[in-house]
Structure formats: structure tokens, C-alpha cells
Amino acid sequence: MNVTSYFSDFDAVLKNCLKDLSHRKGLEKSVKILKATRKTRHKIILVGNGGSSAIAEHMAIDLTKNAGLKAMAFSGSPMLTTFANDFGYEKVFQKAIETFGDQGDVLIAISSGGTSKNILNAVSAAKAKGMKVITLSGFAPDNPLRAKGDINIWVNSRAFGYVELIHNLLLHYINDAIIGKAEYMIR
């Protein structure tokens, strides 16, 4: 692998993602849902594992600071280890949703492969609470997470790095669309 081929491959994955009309519609619907959530002062809860957890934390900060949403991520706190210890890691986010989620809140579930049991359990708990669910996944087109949300955004790649970068980029787009400007545009 060389630098040129790596970025050429990434560019192809990104262009394929942006060509897909369902992605555009999903992004537009996500912006609408989050703007409505801001008006009602409900919460946005983001969950993910590993790199997706880092994306969840980062976006919770940006959505709160820049977009005026009440956003939180359950990934770096003692609560995470307490729930994991007491209920098992498969239920760690489910218990967080059961404890903090309310009808009218939104769950953003991020998973590169879309198969993590703890993420799928969080989605089920959110649905049971009457929350809206936005999913971001990748890898297999038939991954279980992709079928569980109100809005499902899927990246057609099996490369963790590409999927995570595009998830991050799409969430930054949503944040910028909510605040009404692209903070990072060169022009």
C-alpha cells in the first residue's frame, strides 16, 4: 500500500457514499430530528465501542457546544464500568438508556460492523422508551444495526478506518447543518 492508493481508495468509498440518495435523505432527516429535539430540550445520547466510542464522545461535545443540544455519550465514565461489572458488557449501554433515556430523546448508535450486541441492546432499549434512533454502520450491507433505526446510514466499506472517518465526517455535517454553517470551509 502507498499513500496515493490509500487516499484514492478512501476517495472512492466517500464518493460512493455521497452518491447514494438514501444517505442524503437520511442526513436531511437526521438534521430535522435533531433540530426538533433541540426545540423540545430533549437529549441526544450517543453510543459506540472503540473508535466509534471516541466519535460518540467528540460529537456529544460538538453537538452540545456548537449546536445547542443536550448531548451525552456513555463511554468514558465510571458508570460504564459499573454497568459492565454489574450487568455484563452486552447490557452496558442498554442500562444507560434505561436509566437516562426518555421518550422524545434521540439515540445515535455508531458501530463500524453493526454487530456489537451492546449497541443492538441499546437500540432495543431506546425503542422501548419511545426514543428516535439514528444508526451509523458499515461493513456488510445486511448488518443487524442497519435495520434497527428510524434512520440508518451505512458506509459501503470493510475498512475500519474508512468507515470511522466517514461516520465522523457525516456527523460533522449534521452538526454544521444544525448550526447553519460549515465552520471548516476553506472558501
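The values are calculated or read from the model by the stated rules, or taken from the named source; none is laboratory data. Computed from a prediction, not measured in an experiment: that's the story for all the values here. Neighbour counts are summed over all protein chains in view; Cβ atoms, including those assigned to glycine, are modelled from backbone coordinates with ideal geometry.
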>> Any residue in region 72-87 that is more than 21 Å from I55 (Cβ to Cβ) sitting within a Cβ distance under 6 Å of a residue that is outside any loop (DSSP other than H, G, I, E, B) and at pLDDT 95 or above? List the pairs, counting only those 6 or more apart or interchain.
In response: F87/K95
> If you check S8, S53, which single one turns out to be of a type in the set (S, T, Y), out of contact with any helix residue (DSSP H, G or I) (no Cβ under 7 Å at 6 or more places or on another chain) and at pLDDT 95 or above?
Replying inline: S53
> Give me the pairs: first residue in region 113-128 and in contact (Cβ under 8 Å) with a residue 60 or more places away in the chain, second residue part of a helix (DSSP H, G or I) and of a type in the set (F, W, Y), beta-carbon distance under 8 Å, and six or more apart or on different chains, which are they?
Replying inline: N118/Y89; N118/F93; I119/F93; A122/F93
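Filter region 92-146 down to the residues that are charged (D, E, K, R) and in contact with a helix residue (DSSP H, G or I) (Cβ under 6 Å, 6 or more places away or on another chain), then identify the one that is farthest from Y162 (Cα to Cα). Can you show your working first?
Applying the first criterion (charged (D, E, K, R)) to region 92-146 yields 95, 98, 102, 105, 117, 127, 129, 132, 142, 146.
Filter again for in contact with a helix residue (DSSP H, G or I) (Cβ under 6 Å, 6 or more places away or on another chain), leaving 95, 98, 117, 132.
Numbers: K95: 30, E98: 32, K117: 22, K132: 26 Å.
It comes out as E98.
Taking the stated definitions as given, is N168 of a type in the set (S, T, N, Q), over 18 Å from L46 (Cβ atoms) and at pLDDT 95 or above? So that I can check it myself, show each step before the final result.
Working: of a type in the set (S, T, N, Q): yes; over 18 Å from L46 (Cβ atoms): no; at pLDDT 95 or above: yes.
So N168 does not fit the description; no.
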